[in-house]
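A.B. asks: Can you keep this structure in mind? I'll have questions shortly.
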């Protein structure tokens, strides 16, 4: 079974040379730590920066240079700043190659719910609805089950949706799955996790073809 | 040169009244019009509808207007990090409309650019699209979103000149350029106000035509919301 860093490490393998990537808050943010250093990748943050670098050294924080999580950041050579409209032109116009975000629920049809729990304080969707409605390549990073042990991979989402038929791939602490017309196709197992473990943690339709390999990290 | 310079914040905010709709630039606490917000608190105008990506924190940004119960309605994409906001929202004192961030930006830009509405894929199939017109283009579904109508837009820039031309710094740019000229009156506060001729026309982010009044902000706290650093 993987921890959050393991999930990030596995997703980092999906990042290819020349990609512009938008990372959501939470596990997705960790992906930047594991991208191979022999490829060129630029990270976009929807508040208006392309070419994000690591956190600044202490004493070098700048209130005017932050990411979408409102954290102080730095920029790398070749970076650019832009307004919000331009930022979402990059996203809606499909110029960003890969979007990685967290989720509370994903349905076997690729619907995603990650912004609202009825009865709880709603903080808002931020840029998530724009990202999922537009991106061609969306990977969800999440735990396979919630804190109560219930599956987050469902036939149908029970929470209010963020987007419909948009998720292509899911990487959890247990598995890598692809969303197909017929349901979740199991691609890889996490180290030490059996197909039966994944079956019992998945409520939605699970497609298992042949031997499912263990993921290489 | 058409001079947009006003003496200070009180002249810049002349004409603000109860029950108006205001736009505020900024993302989190970065690039917010601190001086205009402080003066709105002083003026005590109430019943405001505020269009802003976020709603500040308890003791800074739009949180200051919330503390004084001056805001009737917030239109935002993300409103975490504010206890008073949460209290007013749950008690029903405050009306909140949450919309996708890109839609917020584009509804501002549409108002600035003379478009009555735009089609966006964001929110299709979700509760955000409920009651709205939808349409298919090339096999994909879109939601019709209307341009905002606002009385004042309050923006903050790094440098400006007396002609109203603006230059922003870093990610403090965010929604500010999209809101310039998107309301009846655009008020820009700047850290540095220069005579005309001092800014290179090639470097201007927002031309002065979109700005009605410009003033030098007396105090910028520029608070950091999440201070994250790495070790040397």
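The values are calculated or read from the model by the stated rules, or taken from the named source; none is laboratory data. Every value quoted in this text rests on a predicted model; they were computed, and no experiment measured them. Cβ: placed from backbone, ideal geometry, glycine included. Neighbour counts: every protein chain shown.
A.B. asks: Do you know which residues across region B:81-103 are in a loop (DSSP other than H, G, I, E, B) and touching a residue at least 12 places away in the same chain (Cβ under 8 Å)?
C.D. replies: Result: B:81, B:82, B:93, B:94, B:99, B:100.
A.B. asks: Could you list, in sequence order, the residues of region A:189-202 that are surrounded by fewer than 18 Cβ atoms within 10 Å (Cβ to Cβ) and within 18 Å of residue A:143 (Cβ to Cβ)?
C.D. replies: A:191, A:192, A:194, A:197, A:199, A:200
A.B. asks: Return a yes/no flag: does region A:130-146 have any residue that is at pLDDT below 95, closer than 20 Å to residue A:14 by Cβ and surrounded by 22 or more Cβ atoms within 10 Å (Cβ to Cβ).
C.D. replies: Yes, region A:130-146 has at least one match.
A.B. asks: Continuing with this model, one more query. Being buried (at least 20 other Cβ atoms within 10 Å of the Cβ) and more than 27 Å from residue B:79 (Cβ to Cβ) narrows it down to one of A:73, A:11, so name that one.
C.D. replies: Answer to the selection: A:11.
A.B. asks: Continuing with the same structure: Look at region B:67-86 and say how many of its residues are within 30 Å of residue B:142 (Cα to Cα) and facing another protein chain (nearest Cβ under 7 Å).
C.D. replies: 5
A.B. asks: Sticking with this structure for a sec: Within region B:1-35, work out how many residues are within 18 Å of residue B:148 (Cβ to Cβ) and not in a loop (DSSP other than H, G, I, E, B).
C.D. replies: Residues meeting the conditions: 5.
A.B. asks: Which of the numbered conditions does residue B:196 fail, given that it passes all the others? Conditions: (1) outside any strand (DSSP E or B); (2) exposed (fewer than 15 other Cβ atoms within 10 Å of the Cβ).
C.D. replies: (2) is the only condition that residue B:196 fails.
A.B. asks: On to the next question. Can you tell me how many residues within region A:19-38 are more than 17 Å from residue A:145 (Cα to Cα), assigned to a loop (DSSP other than H, G, I, E, B) and touching a residue at least 24 places away in the same chain (Cβ under 8 Å)?
C.D. replies: Residues that pass the stated criteria total 4.
A.B. asks: Now a separate question. Which of the residues spanning region A:147-163 are part of a loop (DSSP other than H, G, I, E, B), within 14 Å of chain B (Cβ to nearest Cβ) and surrounded by 19 or more Cβ atoms within 10 Å (Cβ to Cβ)?
C.D. replies: A:157, A:161, A:162
A.B. asks: Scanning region B:104-130 for residues that are within 7 Å of chain A (Cβ to nearest Cβ) and part of a helix (DSSP H, G or I), which turns out surrounded by the fewest Cβ atoms within 10 Å (Cβ to Cβ)?
C.D. replies: B:127
A.B. asks: List the strands (runs of 3 or more DSSP E) inside region A:42-119, counting only whole elements, that have at least 1 residues being within 11 Å of chain B (Cβ to nearest Cβ).
C.D. replies: Passing ranges, in order: A:42-45, A:49-52, A:75-81.
A.B. asks: Check region B:153-167 and report whether any residue there is modelled with pLDDT of 95 or more, closer than 18 Å to residue B:101 by Cβ and buried (at least 19 other Cβ atoms within 10 Å of the Cβ).
C.D. replies: For region B:153-167, residues modelled with pLDDT of 95 or more, closer than 18 Å to residue B:101 by Cβ and buried (at least 19 other Cβ atoms within 10 Å of the Cβ): present.
A.B. asks: Select from region B:154-166 the residues that are more than 16 Å from the chain's Cα centre (by Cα) and assigned to a strand (DSSP E or B) and write down the one among them that is nearest to residue B:223 (Cα to Cα).
C.D. replies: Applying the filter and picking the extreme gives B:159.
A.B. asks: Then there is this: Residues in region A:126-135: is at least one out of contact with any strand residue (DSSP E or B) (no Cβ under 9 Å at 6 or more places or on another chain), in a loop (DSSP other than H, G, I, E, B) and within 22 Å of residue B:104 (Cα to Cα)?
C.D. replies: yes
A.B. asks: Something else now. Out of the residues in region B:87-97 that are out of contact with any helix residue (DSSP H, G or I) (no Cβ under 8 Å at 6 or more places or on another chain) and closer than 22 Å to residue A:129 by Cβ, state the one that is farthest from the other protein chains (Cβ to nearest Cβ).
C.D. replies: B:95
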